[in-house]
Every structure is written in structure tokens, then in C-alpha cells.
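So the structure is just underneath, and the comments pick up after that.
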Amino acid sequence: MTDEAEVQQIAQQAMKLTRASLRPGQTLADVRASCEARLLDLGADAFWYWGIGAFVFAGTGTIASVSGRDYRTPDHVLREDELVTLDLSPQRGGVWGDFARTLVIEDGVPLEDPAATSNEEWRSGILAERQLHAELREVAVPDMTFEELARRMNERVVALGYENLDFLGNLGHSIARASGDRVYIEPGNRARLDSVGSFTFEPHIRRPGGSYGYKHEDIYRFVDGRLSPL
């Protein structure tokens, strides 16, 4: 039986390969097509979110937050210096992966570590995402509700000088077998975190009024009472 960690590894490897292949002059449609082909080559048999395996945004388009129902790959050509967000939704045997990163091309070269960029604005956003994930692992406990987690992490987003861009205002969702069965990290959801097997944390943030958005998504589950990424 396929495990979530196995499908998440497919997403992680596809992300790594796609990042390394980013080049100025590529269209986002090219990036999406090559990334989805890699997901399938690595073992995915479907894409669970509206049939889309790779959501791709770049430049100021990284602030966009849209449902998969409405997503169209933007008409954009990668430049020498570019901020790129990839959000991957592979599936195998009905089991989901869900993995997103904001990447950087600098002087025509994709950076292995996007936080190494010389663009201070981009570096700050990428490091803010990493800090949010580190703080998530510190504050989340099994008997905490999704509502409480949403409140605390949205407060941290603001404290870091950012705003939540998600079109529904949430910060992540449970991993399920059908999209309609997901529950969200959002106000009003009083279910405990340990009421689900695993869930994503995927803050989509920007500086208020800023031109660039940042996203970093992992799937988490509790192991011996501590939150752990897959």
C-alpha cells in the first residue's frame, strides 16, 4: 500500500529536478509540462487537485491565489532574475502528495538554496516562510484545534510583517482521499489537530501591498506527540 511519505518524496524529487532545469526564456507552460512529466515518470498516476500536477507562478504573479477550478497557466517567460513558485499535487493509488516552494533564478541560474539570493526582499520572504514552519513545529500539539493554530500562525505572519494571501484565508488542510473531505486550518474549525492523520501547512504571504508572494508547503503528522514533516 502506498504511503503518503512515498508520494511526498515523488513531489520533492520532481521539485528538485524542475528547479535545476529552470532557465531564462522558458515559458511557465513549459515549466508546468516538464514538471508534470517528471511527477508521472517518478511514479505518480494522477494529479488530485483539479487534475493539475504543477501550479506555476512567476514574478509579480506570485501574489495570485486562485482555486484550481480557475487556474490557467500564466503567459509568462522566465527572465534572468526571477521569483518562481511551484505547487505540486501528485497522487498514487489514491494517496496524495502536496508540496510547494518559492524558487529563485539569479543571473540566469536557478539557486539550489533560494535564500542565498542577493535580492534582499526575496530573501526576507523566503526566510519568513522557513521561520513560520519552524514556529509551527514548536506550537502545534495534538489537542490543539485547527482554529487555534490558525489564530496563532496568522498572528505570527503579521508579526513578521506579512499578510496571508490565501483566497480562502486558510493556512493549510488535512490530507484526504477526496478534495471535498478536507478540513482547513481556519477560524471556526474546532476539530483537534490529531483528529486527522496528516495535514499541510502552506502559508502564502507577502509584504502588505508588496509585489511578490512566497509559499512553502509541507505535509505534517504527529510522531510521538511532536509534529514532523513527511
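Laid out as a table, the results:
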item	result
Accessible solvent surface per residue of the chain, calculated while the other protein chains remain in place, 1.4 angstrom probe, Å²	44
Where Rh is the Kirkwood radius over Cα pairs, Rg/Rh for the stretch 168-228	1.03
Integer Hz, Karplus 6.51/-1.76/1.60 couplings in order for the stretch 176-188, x for Gly and Pro	10, 9, 9, 4, x, 8, 5, 10, 10, 7, 7, x, x
Sparse-neighbour loop sites [GluC sites (Glu not before Pro); the stretch 147-230; at most 15 other C-beta within 10 Å; DSSP]	none
Carbon + sulfur, % of accessible area of the stretch 95-230 - ligands and nucleic acids excluded, 1.4 Å	47
Along the chain, longest interval not containing exposed trypsin sites (Lys or Arg not before Pro), exposed being DSSP loop plus at most 14 other Cβ atoms within 10 Å	80-176
Identified option (computed Kirkwood radius over Cα pairs in Å; candidates (1) 20.7; (2) 18.9; (3) 17.7)	(3)
Per-q log10 I(q)/I(0), the stretch 1-47, q = 0.15, 0.18, 0.29, 0.30 Å⁻¹ (Debye; single scatterer per alpha-carbon; no solvent)	-0.39, -0.54, -1.07, -1.12
Heavy-atom accessible surface of the stretch 1-72: percent carbon and sulfur, 1.4 Å	51
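The values are calculated or read from the model by the stated rules, or taken from the named source; none is laboratory data. This one's a predicted model, so the numbers in the text were calculated from it and none came from an experiment. Every residue, glycine as well, gets a Cβ built from its backbone with ideal geometry; the counts of neighbours run over all protein chains shown. Accessible surface is based on the protein model in full, side chains and every heavy atom, while ligands, DNA and RNA are left aside. Shrake-Rupley method; radii C 1.70, N 1.55, O 1.52, S 1.80 Å.
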